[in-house]
Structure formats: structure tokens, C-alpha cells
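The next block holds one structure in the form of C-alpha cells; read it before the comments.
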Amino acid sequence: MNTKGTAICITSAKGGVGKTITTLNLAGLYENLEKKVLIIDFDLASGGISAALNIDVNKSIYNFVDDYNNNRYKEFKNYISKYDEYIDVLASPKDPRQASKIDAKYVELIIDKAVYNYDIVLIDTSHILNEINISTMDLVDKLVFLITNDPLDLKNMRSLLTILKDINYGNFKVVLNESVAPFKKYFSLYDIKNIINANIDYVISKDFYIKNIDSIVMSGKIITLDEKMPVLFSKDYTTLMRLISDMYNEEASS
């Protein structure tokens with residue numbers, strides 16, 4: 001493709017908020033729109049994208065960096081693992097020890113090559129504000145912050161958003177994910193907005209809680225590619241469709 005795609009980072013201020021599953025769900029929805037999608041797993045030490053999709057990875061981000069650094073790099077596609085016709089994956093290293101050997105200076109190179117080969121580039125990260133993740137946040141077109149109804153999560157997000165506002169960061173959306181722990185109802189939506197001192201742009205409701213999510217992950221399936229989803233989870237399907245439309249169309253029209 002000759003046009004530049006849209007790079008979207010899915011991140012958070014705390015682990016366990018559903019980043020990986022959300023990334024996969026967004027990929028499925030973009031596939032439904034016939035967009036060519038690359039998922040980059042920048043959770044370098046403990047990424048789970050390829051495992052969740054049951055992809056047998058031959059080369060990873062580490063191999064890309066190692067080859068590029070040693071003048072062995074030829075084509076970006078050589079480091080890509082295929083899930084289906086529309087979704088590809090650039091996987092995190094198989095060996096977590098290789099994560100420390102990946103310098104943040106390669107983040108821009110990877111994203112630049114990705115956006116000129118795909119319509120949508122979805123980047124899954126850890127919640128740690130290391131150099132890799134900060135570089136990613138600086139370089140993407142859009143950021144999606146996932147939060148839950150958890151006191152520690154909300155406090156961490158308030159601190160993170162304060163930093164972003166201080167440096168005039170404005171390209172992010174905040175998504176409250178109630179489906180991760182549907183029985184945690186510590187705070188109302190009004191309370192959460194006041195705690196993080198920011199708006200909640202989207203809410204994935206507790207109705208999207210899937211009891212057999214472990215079996216779905218083990219089977220390597222993406223929930224949003226199930227043709228029954230628009231009926232079974234109509235409210236949240238509509239919410240996620242609004243989110244992917246906003247992420248793509250805003251950038252495409254700018």
C-alpha cells in the first residue's frame with residue numbers, strides 16, 4: 001500500500017485491565033471492515049499476542065532489531081507472522097532475556113515501516129513507563145487508555161494523565177473496561193471522572209464479561225470475529241465500533 005496507515009497504541013496505568021484482549025477485539029473489528037491490520041507486541045518481556053492467537057512464531061521484534069543492527073535486514077514482511085487474511089502479528093521475543101537487547105531507537109523504525117504496509121497498526125504494550133513505551137506513545141497517531149473500577153488503577157491513571165496534560169498530549173481516548181471485573185463497583189462513572197480528572201470516552205460494560213474467555217484464548221479465536229457477537233453483545237459491539245471508527249476516521253480525515 002502507498003498511503004500511510006493509522007498507528008494506535010493500547011495501553012494502561014496498571015496491569016490486568018484487558019489490554020491484550022481489547023487489542024485483539026479491535027483487530028477483529030477492523031478485519032470486519034476489510035482493513036489490513038498489523039498487531040505489534042511491544043510488551044517485550046511478557047507479551048501474549050502470539051500465544052493468544054496460537055501463532056507459531058519464527059521471527060520476532062528481536063530478530064528484526066538484530067538483523068537491522070547487523071546489516072542482514074531485507075524486507076519487513078520477513079518478520080511478520082500471519083493470523084489470517086487480514087491480521088498479521090509482529091511478535092514479542094520468545095525469550096524474555098532478549099527484551100533488554102531491544103533499544104528504543106528502533107521503535108520509530110518499526111512503526112514507520114508498519115504504517116506504510118498496513119491500514120491499521122495496533123500496538124499492545126505493558127503498563128510500565130519505560131523508554132520503549134514512552135517512545136511508542138510519542139510516535140503513534142492515537143492512544144487508547146484502558147482503566148477499570150479499581151482504586152489503584154484509577155490513582156495511577158490520574159497521575160499519568162496529569163503528566164500527559166502537562167506536556168499538551170491530546171491524542172488519547174479513555175476506555176472504562178467494566179468487563180474485566182464486573183463485580184467491582186467501587187465507584188460510579190461520575191466518581192471515576194472526578195478521580196482521574198478526565199472524561200470517560202467509552203465504556204465496555206460488565207455485560208461483555210465472558211465466562212469462558214480462557215477457552216476462547218486457548219482456541220486462538222478473536223471474539224469480535226464471531227458472527228454472533230453483534231447479537232449477543234449488541235451494546236458493547238456498538239461501543240467498540242464507535243471506538244475503531246473514531247480512531248481511524250479522525251486520523252484519515254486530518
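The values are calculated or read from the model by the stated rules, or taken from the named source; none is laboratory data. This is a predicted model, so every value here is computed, not measured. Glycine also receives a Cβ, built like all others from the backbone with ideal geometry; neighbour counts cover every protein chain displayed.
So here's what we get for this one:
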item	result
Criterion violated by Ser46 - all others in (1) surrounded by 18 or more Cβ atoms within 10 Å (Cβ to Cβ); (2) within 21 Å of Ile128 (Cα to Cα); (3) modelled with pLDDT under 95; (4) in contact with a helix residue (DSSP H, G or I) (Cβ under 8 Å, 6 or more places away or on another chain) satisfied	(1)
Qualifying position, being in contact with a helix residue (DSSP H, G or I) (Cβ under 7 Å, 6 or more places away or on another chain), surrounded by 14 or more Cβ atoms within 10 Å (Cβ to Cβ) and not in a helix (DSSP H, G or I), among Leu176, Leu161, Leu240, Leu154	Leu176
Qualifying position, being surrounded by 17 or more Cβ atoms within 10 Å (Cβ to Cβ), in a strand (DSSP E or B) and either under 14 Å from the mean Cα position of the chain (by Cα) or at pLDDT 95 or above (or both), among Val107, Val121	Val121
Test: residue in region 245-253 that is among the aliphatic types (A, V, I, L, M), closer than 28 Å to Leu139 by Cα and more than 17 Å from the chain's Cα centre (by Cα)	yes
Sole residue being touching a helix residue (DSSP H, G or I) at 6+ places or on another chain (Cβ under 8 Å), of a type in the set (A, V, I, L, M), more than 19 Å from Phe145 (Cα to Cα) and surrounded by 15 or more Cβ atoms within 10 Å (Cβ to Cβ), chosen from Ile222, Ile204, Ile192, Ile200	Ile222
Scan of region 49-82 for residues that are closer than 22 Å to Val217 by Cβ and either part of a strand (DSSP E or B) or in contact (Cβ under 8 Å) with a residue 40 or more places away in the chain (or both), ordered by number	Ile49, Ser50, Ala52, Leu53, Asn54, Ile55, Ile61, Ile80, Ser81, Lys82
Tally of residues being farther than 15 Å from Ile80 by Cα, touching a strand residue (DSSP E or B) at 6+ places or on another chain (Cβ under 9 Å) and small (Gly, Ala, Ser) across region 103-140	1
